[in-house]
Amino acid sequence: MGVENGQNGHAAHGNQDDGSDTAAVNTRKSVIGLIPVAKDYAWGIRGMDSRVARYALESKAIDEVDPDCPYAELWIGTHPKGPSKLKTGEYLRDAIGEDLPFLFKVLSAGKALSIQAHPDKENAKRLNIEDPVNYGDANHKPEMAIALTPFEAMCGFRRLEEISYLIKKHPEFAACISEEAKLAVFLAQEPLAQRDALQKLFSSFMTCDPEVSSHQLNLLLIRLQAEQSQLHPHPHDEPAWERKCARAVLRLAQQFHGDPGAMAPLFLNYLLIAPGESFFMAANEPHAYVAGEIIECMACSDNVVRAGLTPKFKDVDNLVNMLTYSMGGPSIDAGAYMAESTDVIRYTPPCPEFEVMVLTIEPGHKLTYKNPKIPAVLIILEGSGHLDGKLCRPGRSYYWPPDADDLEFFVEQCRRGPMKVAMAHKNRHLDRPTAVNRDDFGGTSSHRISVPASPMPFLGMGGGRSPSSNYQKRFARDFEENDNAAIPEL
Ligand SMILES: [Zn+2]
């Protein structure tokens, strides 16, 4: 592609932007207010504590917030299961003339989402033909999550050495796995043999007789609870990652009574990322979001193959067969600055459908953003300010037509903090991704920071120019020192 995006700077644009709706402002072709769709899945955060609820209210996706109702997802896009409308009453799809290639979301997770993976294009087509009720889309669904709060997730398989160690450490987990699979895990050396062992292990665990796995889960919980409540004379005998893993099992079991999926932290990486950090999930990678709030962008599809931690339809056979069985966690991506501006950070996945820009406009500053000449959608994340003279508040979202003028953001000096805006459009930097595929793990790309997700999320952090590295360091320290408070109350 190689097209450089807009020159983003503080340069005023010759427009008398005094924040009021002057005639000059009105002649500009600007953004159009957009009404997203809110989803009330059971795992959502309840009432006004949910960012999704607050944004949905502000953008008029809902008329009021029910304090007892979960508000899980806000959808901005043209997907038929939740198509956005414009304030003019027109559907976004009709205004663009075609579907957006991506779906842009805000998520507020109060408890874990199911263990899931998304099919690649080939699998998606097959599933859609074989089972159109459960798999309504024939498209793949690579997805990227950018944290708005500290965010916990399980993502990708642990390295085989860790799993092997955890099998030996937790006999209850070992009892849910066949002798053949265990032997394969203990003996595998070569990468291919390791993949094979991992598939055997996952398949064996997922197809374990539910009576056996429920019973073993109970035994495991009783033992872990006893260990947690005992006053250890040497509390730091056990490495922090193992304690976190044990606590994650206890917490998931509390949320999903009797679901052996609560043992997933024993074979999936458990990570905690800080606001501004993101990770990319390629197709066919197992993951489960656990708690926190994020923006998420994905190829336009709603296909999910689920295998646990859910009352919804589970499809273990398909999941076991489609996973890639790569090991180690995803790279944590803190984005890259756009051009010479430090006001715009781009998060670019290695897939053509989408990328996400996060704009930060400090009080007293102006930002002119050149129209990328492709359909874009944006949402105000934090702070108040002006967009082409219109007042904007957190939660308001907009469609930016390709033929509109450049955007003028402005935040008055008197505001307490910056205005943050997230924007999504088709990927214009496919040749320079900031996020990488799992297969690229261990690459030597020097401009990105790469954080191994397991066993300790924040060890081995490289230097490099990272927009959130200061926050990361601070957060990493808090995380280390206050081991019992991995995540603030939501
Ligand atoms: Zn997912």
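The values are calculated or read from the model by the stated rules, or taken from the named source; none is laboratory data. Computed from a predicted model, the values in this text were never measured in an experiment. Neighbour counts run over all protein chains shown; Cβ positions are idealised from the backbone, glycine included.
Quick notes on this structure:
- Test: residue in segment 85-96 that is away from the ligand (no atom under 15 Å from the Cβ), among the polar types (S, T, N, Q), within 22 Å of Glu293 (Cα to Cα) and touching a residue at least 12 places away in the same chain (Cβ under 8 Å): no
- The set of residues in segment 257-286 that are farther than 23 Å from Ala175 by Cα, within 14 Å of the ligand (Cβ to nearest atom) and of a type outside the set (S, T, N, Q) comprises Phe279, Phe280, Met281, Ala282, Ala283, Glu285.
- Of the residues contained in segment 291-306, one or more are found to be touching a residue at least 60 places away in the same chain (Cβ under 8 Å), farther than 30 Å from Val421 by Cα and within 15 Å of the ligand (Cβ to nearest atom).
- Per-region count, segment 43-82, residues under 21 Å from Ile96 (Cα atoms) and crowded, with 18+ Cβ neighbours inside 10 Å: 9
- In segment 184-222, the qualifying residues are those that are of a type in the set (D, E, K, R) and not in a helix (DSSP H, G or I), and the one that is farthest from Met327 (Cα to Cα) is Asp209.
- Exclusive hit being in contact with a strand residue (DSSP E or B) (Cβ under 7 Å, 6 or more places away or on another chain) and buried (at least 23 other Cβ atoms within 10 Å of the Cβ), set Ile374, Ile379: Ile379
- No other residue among Thr324, Thr368, Thr348, Thr360 is in contact with a Ser or Thr (Cβ under 7 Å, 6 or more places away or on another chain), surrounded by 17 or more Cβ atoms within 10 Å (Cβ to Cβ) and either of a type in the set (Val, Ile, Thr) or in the same structural domain as Ala53 (by TED's automatic domain parsing) (or both) apart from Thr348.
- Remark: Phe205 matches the filter, which requires a residue to be away from the ligand (no atom under 16 Å from the Cβ), modelled with pLDDT under 95 and touching a Ser or Thr at 6+ places or on another chain (Cβ under 9 Å).
- Summed over segment 289-314, the residues that are aromatic (Phe, Trp, Tyr) and either in a loop (DSSP other than H, G, I, E, B) or at pLDDT below 90 (or both) give a count of 1.
- Screening segment 131-183 for residues that are part of a helix (DSSP H, G or I) and among the acidic types (Asp, Glu) and picking the one that is farthest from the ligand (Cβ to nearest atom) gives Glu179.
- Verdict on Leu198 being out of contact with any Gly (no Cβ under 9 Å at 6 or more places or on another chain), farther than 22 Å from Asp315 by Cα and crowded, with 18+ Cβ neighbours inside 10 Å: no
- Flag if Lys111 is within 16 Å of the ligand (Cβ to nearest atom) and basic (Lys, Arg): yes
- Lys105, sole failed condition from (1) at positive phi; (2) within 16 Å of the ligand (Cβ to nearest atom): (1)
- Residue match in segment 36-52 (condition: touching an Asp or Glu at 6+ places or on another chain (Cβ under 6 Å) and either over 23 Å from Ile345 (Cα atoms) or modelled with pLDDT under 95 (or both)): yes
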